[in-house]
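Participant: The structure under discussion is supplied below as structure tokens; questions concerning it will follow.
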Amino acid sequence: MRNATVHGSTRRLQAGQDLHAPVTPTDHCRGAERPSITIVEYADFESVSCRVAEIEVREILDTHPHAVRLVFRHYPLESDHPLALMAAEASEAAAAQGKFWEMHDALMRHHAPLSRHALDRTAQELELDMLMFRAALKDEIYRQRIREQEDGAVRSHLRASPGFFVNGKVCDVSFGMNELRNAIRALS
């Protein structure tokens, strides 16, 4: 085991660390329909590190449109990011209306705090049914799904976000996104 620093956070990584939560049909995916490479990303909408990583992930998807698929999973680190859980719930409420990726992209671009008001404004901009959206957030109906994804991250020994797995193996981006690009290049 070794320690690695991720933008001020410390996490412990194990050599050969595997993804312990396999990809399922209910995961949010984008990219290649029949991928040779699957990236599983655990992320937090309030994390600056995740927002920076998003730029690199999009570049990888654009560069390898027929080979790479991205699976996005929630890993809100509430102790550091108190609004991350509500943002994750907002993305799931949008998913119920067929607009997960639109909400995801808007939240990853958002630079102001992810307040309830800001989430409502984003939902309106995406033309979501606001009664359904607000009810989903009020009743926390997607919280269990988010907790299950967090549990998958914990079982996979992640301690910080973003966390990446490439074809089921951890990709340590503690020292920058070059490792993810190199992993993709090696498999291409």
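Participant: Please give me, ordered by residue number, the chymotrypsin sites (Phe, Trp or Tyr not before Pro) of region 120-188 that lie in loop per DSSP and have at most 11 other Cβ atoms within 10 Å. It would help to have the intermediate numbers written out before the result.
Facilitator: Details: sites: PHE133, TYR142, PHE164, PHE165, PHE175; in loops: TYR142, PHE175.
Those satisfying the criteria are PHE175.
Participant: Now, a different point. Fewest to most neighbouring Cβ within 10 Å: what's the order for VAL71, VAL40, VAL48? Let's see the in-between values first.
Facilitator: On the way: VAL71 20, VAL40 26, VAL48 12.
Lowest count first: VAL48, VAL71, VAL40.
Participant: Does region 2-187 come out rounded, prolate or oblate by the C-alpha gyration tensor, with a ≥ b ≥ c the root eigenvalues, rounded set by a/c under 1.5 and, if not, prolate when a/b is larger than b/c and oblate if not?
Facilitator: Prolate, since a/c reaches 1.5 and a/b exceeds b/c.
Participant: Related question: Please go through region 134-171 and write out the GluC sites (Glu not before Pro) that DSSP classes as loop and that have at most 15 other C-beta atoms within 10 Å.
Facilitator: Those satisfying the criteria are GLU140.
Participant: Which of SER91, SER174 comes first, and how do the rest follow, when ranked by fewest Cβ neighbours within 10 Å?
Facilitator: With the sparsest Cβ surroundings first, the list reads SER174, SER91.
Participant: Using 1/(1 + (r/R0)^6) with R0 = 41 angstrom and r between the beta carbons of ALA186 and ARG143, what's the FRET efficiency to the nearest 0.05?
Facilitator: According to the calculation, E is roughly 0.65.
Participant: Counting DSSP beta bridges in region 2-187, what percent are antiparallel, to the nearest 5?
Facilitator: About 70 percent, rounded to the nearest 5.
Participant: Is the C-alpha gyration tensor of region 66-127 telling us rounded, prolate or oblate? Criteria: a/c under 1.5 is rounded; beyond that, a/b larger than b/c is prolate, otherwise oblate.
Facilitator: Values: a/c = 1.85, a/b = 1.19, b/c = 1.55.
The shape class here is oblate.
Participant: Apply the Debye scattering formula to region 24-127, with a single equal point scatterer on each alpha-carbon and no solvent, then give log10 I(q)/I(0) at q = 0.13, 0.20, 0.24 Å⁻¹.
Facilitator: -0.46, -1.04, -1.36
Participant: A further question follows. Which FRET efficiency value, to the nearest 0.05, do you get for ASP62 and LEU126 by plugging their Cβ-Cβ distance into 1/(1 + (r/R0)^6) with R0 = 22 Å?
Facilitator: 0.45
Participant: Among ILE60, ILE55, which comes first, then next, by fewest other beta-carbon atoms within 10 Å?
Facilitator: In order of increasing Cβ crowding within 10 Å: ILE55, ILE60.
Participant: Can you give the FRET efficiency to the nearest 0.05 for GLU78 and ARG155, using r as the Cβ-Cβ distance and R₀ = 22 Å? It would help to have the intermediate numbers written out before the result.
Facilitator: Details: r = 18 Å, r/R0 = 0.83.
With R0 = 22 Å, the Cβ-Cβ based efficiency is 0.75.
Since every read-out is calculated from the coordinates, none of them should be taken as a lab result. Quick caveat: nothing in here was measured; it's all calculated off a predicted structure. Quick reminder, even Gly has a Cβ in these numbers, built from the backbone with ideal geometry, and neighbours come from all protein chains shown.
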